[in-house]
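Below is one structure, written out as structure tokens; comments come after it.
The values are calculated or read from the model by the stated rules, or taken from the named source; none is laboratory data. Predicted, not measured: the structure shown is a model, and the values here were computed from it. Because the Cβ atoms are built from the backbone with ideal geometry, glycine has one as well, and the counts that use them run over all protein chains shown. Just the protein is used for accessible areas: all its heavy atoms, side chains included, with ligands, DNA and RNA removed. Shrake-Rupley method; radii C 1.70, N 1.55, O 1.52, S 1.80 Å.
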Amino acid sequence: MARDVLLGLEGISKTYPGVKANDGVSFSIGAGEVHALLGENGAGKSTLVKMIYGLVKPDEGRMTLRGQPYAPPEPRAARAAGVAMVFQHFSLFDALNVAENVALGMDNPPPMRALEGRIREVSEGYGLPLDPARLVGDLSAGERQRVEIIRCLLQDPKLLIMDEPTSVLTPQEVDILFGTLRQLAAEGTSILYISHKLEEIKALCDEATILRRGKVVGTCTPREKSAREMAEMMVGATLNVPKRAGKEPGPVALKVQELSVASPSAFGTSLKGVNFEVRQGEVLGIGGVAGNGQDELLLALSGELRTPRDTVQIHGRGIGDSGPNDRRRDGICAAPEERLGHAAAPDMSLTENALLSGAVRRGLTKRGFIDWARTRDFAEDVVRTFDVRTPGIGTAARALSGGNLQKFVLGREIMQEPEVIVVNQPTWGVDAAAAAFIRQALLNRAEAGAAVVVISQDIDEIMEIADRFAALNEGRLSEPVPTQGLTIDQIGLMLGGAHGMHQAEVSHVHA
Amino acid sequence: MFTLEKRPTPSKAWAWGTPFLAVALTMVAGGLLFAALGKDPFAVVRTIFWDPLFGEFARYLRGQLLVKAAPLTLIAVGLALGFRAGIWNIGAEGQYIIGAITGAAIGLAVYPTESRWIFPLMILGGAFGGWVWAMIPALLRTKFNTNEILVSLMLVYVAETILSKAATGFLRNPEGMGFPGSRSFSSYAAAGNPELIAGTGLHWGVVAALIAVIWAYVLLQRHLLGYQIKLAGQAPRAARFAGVSADRLVMLCMGMSGALAGLAGLFEVTGPAGQISIDFNVGYGFTAIIVAFLGRLNPFGILLAALLMALTYVGGEMAATNLGLPSSAIRVFQGMLLFFLLAVDLLSNYRIRLAGAAREVR
């Protein structure tokens, strides 16, 4: 292919104890090209970009940048060579303003006044409105990402690496971001774009390299392939699209009425008068940009946050004032977003983690004593039924990959056969095959007569499995509407078209 | 040079191996210290670690080991429960004192009545006293969100003041001719805690310590409360998700450790110490913190750690008297033990690699 190669990788390998993260990876990125790096979780995408950014050193292989050998010993050297990276998780200080945060991330920050001018210039030039004097704690997730991007752009990079940049954005914000990236590419900046959202890659990227288990399994031009073809290359198998039963829903199982509760964390969002009903056999999807009250809603439904009795009702009975285990007894199971540390204890084995929420409904204790045999059976059951890849049930939760642990956590809740199940971000960071599996399991649970509440920032996911959709915005929930016939634009407006674009409203996003 | 690499799962083998490695390293480093002091390092290490067990006076000294290890075990087992849950009771010394005073006060109040119910009642009183003293920081933490480390620690000094008041005032022996100190329990059979088998050092406190070890082991391995304790310590948010009430856990853990410390105090005052005196407490409550960690917060580990700690006390005293070693050198030696233990602790969560070095060179 006749093109100007900016970055070339040849035979890059990296081994961690017990796992070959990258195995002879070779590909190249042309100047001004938007190059996608596609792969399931654990395919080795992160390790690869960490090597390009100088955070990790390859065991074997070599890299070239503009024809010169390139082996950055640390990120500082990578930045000096013109490589910049926007991480999936932001590293910003809530209590500092935009300009101060930008200055902290620069190797040689200019004087503050000059920097503010530069930020304005760049943000306007690339269509990313941002006021340098605002506190980061008051910004939405999309605006925070702009801070990170502008920090990179100020260094005039030749290659911009973006790690799953759209996971926190509304559809409109995604459009703005893509506009910026296209403009950058047109000016000659190369972009390495990491994602598993195939539609985005089709819309944005010129070339794609697909990784599976640390190896390059293919390259393609995304515009010429269907999302399904790319997904199957990525997974190496045929994908099943979740099937919906389309049954008439039964009577109301879960009713939430004027639910208001203060957030337990300082930068959290309090819930303000949330109302909704979910009927038996129905899936309610709750969308929204991160930090608009999703965590608080889950806590209020799981029983970790208590509210006046009648604000949460199951089959017409008020349970708002009861704790997690009483609610499990009453038939509500929940799976929080954060897998390690909230849904599961990192250093405990899968068996011990099965006991964590399964004790009540699965009868794993007798007069206060733990029935370890039954607990192990339950853990084995979850591992088998949900295809959790683990050496055994004695393995510590933190040793599992994100997707596998998510399957375990979801499986643990679903296999308790709850009448109401509430999940937050059920497939976040999970590969396509596992995500499809989890969604199918949730639909099956609904078909078995449970009321399912899916809180998710992934609109495609909600459209795929939910019967009705409601948006959470600054702690308020919109009126649920049927998903059928809903367009992406309508959803975007429901999610908060008001905030982000013209910096009108202040939304709180916790770091 | 070396690189540290986090293990995917903590190594079980190293978790058990590190205490032994720490003891071995302490012997080497301590030996060098003793050699620098002009003593024969082998003789000193032998005096500390060998003679109390198998030497000339071993028959007597072995009993001393039990006498010293029993209160350490009792207290440390209780502390370990709280430490596992992230509840830091640093004031076991105070709970130990108050337990001894309340238990002793019951016996002294009914003197000289002889009944076989008196001693069991005193045991209950001792546990109750320790429990009450621990409930103060527990309640303050759950109601007012105070720091239990500070409150429990400062209550030690309050307890010491109460102790000196007891010894010189309200519990003073009326027939003691004005000397501070209570009546002796060794001459009051119904309230005494004598050696069960003469010359072995075995008293009711030793029995209680063994029961406490087994009880705590069962609690941690088999009981839901033990699971909740571990969960709350490792992942507080997951514990909340599992429906564990943090306040209830604070009350239970502080209460249990306080009661066990109180029991230790009661057995000590009625047995080896024999009476309430101004300097009744000798720091078991603080040493037990070290013992709890040395034993990896595991009940059986704590039993072994308490015996090891007792050994360095008894052997250290021998070395000081027989070989003329300064007592501060013995304390440095004990410090080394804790230092090495904490240092090699790293190995259970990390492995050391030399491979990094080779790559740098290339």
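Can you check what the Kirkwood hydrodynamic radius comes to for the stretch A:5-235, Cα pairs only, in Å to one decimal?
18.0 Å
If you put +1 on each Lys and Arg Cβ and -1 on each Asp and Glu Cβ, how big is the dipole of the stretch A:5-235 around its Cα centre, in Debye rounded to 20?
It comes to approximately 560 debye.
So what is the diffusion coefficient of the stretch A:262-349 in µm² per second by Stokes-Einstein at 37 °C and 0.692 mPa s, using a Kirkwood Rh over Cα pairs?
Using the Kirkwood radius from Cα pairs, D works out to 231 µm²/s.
Can you sort B:E5, A:E258, A:E124, A:E282 by 1.4 Å-probe accessible area, starting with the largest?
Putting B:E5, A:E258, A:E124, A:E282 in descending order of accessible area: A:E124, A:E258, B:E5, A:E282.
Could you work out how far apart the two model spin labels at B:L32 and B:I197 are, taking each label as a point 7 Å from the Cα in the direction of the beta carbon, and quote it in nm?
Between B:L32 and B:I197, the label points sit 4.3 nm apart.
With the dipole of the protein assembly as shown worked out from charges on the C-beta (+1 for Lys and Arg, -1 for Asp and Glu) around the Cα centre, which of B:Y157, A:G449, A:M230 lies farthest toward the positive end?
It is B:Y157.
In percent, how large is the relative contact order of chain A, given Cα pairs closer than 8 Å and 6 or more residues apart?
So the answer I get is 17 percent.
In Å², and per residue, what accessible area does the stretch B:70-310 have when probed at 1.4 Å with the other protein chains present?
39 Å²
Roughly how many Å² of A:L104 are accessible to a 1.4 Å probe, to the nearest 10?
Using a 1.4 Å probe on the heavy atoms, I get roughly 110 Å².
Please compute the contact order of chain B in relative form: average sequence separation of alpha-carbon pairs under 8 Å and at least six residues apart, divided by the residue count, as a percent.
The value is 36 percent.
Between A:T15 and B:D279, take the C-beta separation as r, use R0 = 51 Å, and let me know the FRET efficiency to the nearest 0.05.
Rounded to the nearest 0.05, the efficiency is 0.25.
Can you give me the angle between helix B:327-344 and the longest principal axis of chain B, using Cα atoms only, in degrees from 0 to 90, rounded to the nearest 10?
Compared with the principal axis, the helix lies near 50 degrees.
Using 1/(1 + (r/R0)^6) with R0 = 35 angstrom and r between the beta carbons of B:N145 and A:K272, what's the FRET efficiency to the nearest 0.05?
Here the calculated transfer efficiency is 0.85.
What is the dipole size for chain B, taken about its Cα centre, with +1 at each Lys and Arg Cβ and -1 at each Asp and Glu Cβ, in debye to the nearest 20?
1380 debye
Give the Rg/Rh ratio for the stretch B:70-310, taking Rg as the radius of gyration of the Cα atoms and Rh as the Kirkwood radius, to two decimals.
0.99
What is the Cα convex hull volume of the stretch A:345-395 when expressed per residue in Å³?
Per-residue hull volume (Cα only) is 76 Å³.
Averaged across the residues of B:219-227, what count of C-beta atoms belonging to other chains lies within 10 Å of each residue's C-beta?
4
So if I average 1/r over every pair of distinct C-alpha atoms in the protein assembly as shown and take the inverse, what Kirkwood radius in Å does that give?
Every distinct Cα pair counted, the radius reaches 31.2 Å.
When you have a sec, figure out the Kirkwood radius of the stretch B:206-362 from all distinct Cα pair distances and drop it here in Å to one decimal?
Value: 18.9 Å, from the Cα pair sum.
Whenever you get a sec, compute what percent of the accessible area on the stretch A:5-235 sits on carbon and sulfur atoms (1.4 Å probe).
It is 50 percent, rounded to a whole number.
Using only Cα atoms and rounding to the nearest 10 degrees, what angle (0 to 90) does helix B:224-234 make with the longest principal axis of chain B?
50 degrees
Does a label point 7 Å from the Cα of B:S115, set along Cα-to-beta-carbon, have any residues of the stretch B:163-195 with amide nitrogen under 17 Å, and which are they?
Only B:189-192 fall inside the zone, counting backbone N under 17 Å.
With no solvent and one equal point scatterer placed on each C-alpha of the stretch B:29-130, evaluate the Debye formula and give log10 I(q)/I(0) for q = 0.14, 0.19, 0.20 Å⁻¹, two decimals.
The Debye formula, applied to the Cα set alone, gives -0.82, -0.97, -0.99.
Full-extension gain between A:E248 and A:E124, please, as 0.36 nm times their residue separation minus the C-alpha to C-alpha distance.
Extending this stretch completely gives an extra 39.6 nm.
Quick check: convex hull over the Cα atoms of chain A, volume per residue in Å³, rounded to an integer?
143 Å³
What Rg and what Dmax come out for the stretch A:400-491 when only alpha-carbon atoms are used, in angstroms?
Computed over the Cα atoms of the stretch A:400-491, radius of gyration and Dmax are 13.4, 39 Å.
Based only on Cα atoms, what Rg/Rh ratio does the stretch A:1-129 have, Rh being taken as Kirkwood's radius?
On the Cα set of the stretch A:1-129, Rg over Rh gives 1.02.
Enter the accessible area of B:R84 (Å², nearest 10), with the probe set to 1.4 Å and all protein chains included.
Surface accessible to solvent at B:R84 totals approximately 60 Å².
Taking Cα atoms, how many degrees apart are the long axis of helix A:432-447 and the longest axis of chain A, rounded to 10 and kept between 0 and 90?
Relative to chain A, helix A:432-447 is tipped by roughly 20 degrees.
Which value, in debye to the nearest 20, gives the size of the charge dipole of chain A about its Cα centre, when Lys and Arg are +1 and Asp and Glu are -1 at the Cβ?
1200 debye
Counting protein heavy atoms only and a 1.4 angstrom probe, how many square angstrom of accessible surface do chains A and B bury in total, to the nearest 100?
Summing both sides, the interface buries roughly 2400 Å².
Applying a 10 Å radius around every beta-carbon, put A:75-87, A:126-138, B:283-295 in order of their mean neighbour count, most first.
B:283-295, A:75-87, A:126-138
Can you give the average number of partner chain beta-carbon atoms within 10 Å of each beta-carbon in peptide B:236-249, as a whole number?
Shielding by partners across B:236-249 averages 6.
Return the distance in nm (one decimal) between the two label points of a simple spin-label model at B:R222 and A:E199, each offset 7 Å from Cα along Cα→Cβ.
So the two model labels end up 5.6 nm from each other.
How much FRET efficiency would the formula 1/(1 + (r/R0)^6) give for A:W372 and A:R76, where r is the Cβ-Cβ distance and R0 is 60 Å, rounded to 0.05?
The computed FRET efficiency comes out at 0.75.
Going Cα to Cα from A:K202, which lysines come in below 25 Å? Please leave out same-chain ones fewer than 8 positions away.
Leaving aside lysines fewer than 8 places away in the same chain, those within reach of A:K202 are A:K45, A:K50, A:K158, A:K215, A:K225, A:K243.
Could you check the simple spin-label distance between A:R62 and A:E229, using points 7 Å along Cα→Cβ, in nm with one decimal?
Placing both labels 7 Å beyond Cα along the Cβ direction yields 3.6 nm.
Between the stretch B:75-105 and the stretch B:272-310, what is the C-alpha centre distance in whole Å?
Cα centroid of the stretch B:75-105 versus Cα centroid of the stretch B:272-310: 11 Å apart.
So what's the gap between the Cα centers of the stretch A:97-115 and the stretch A:25-64, to the nearest angstrom?
29 Å
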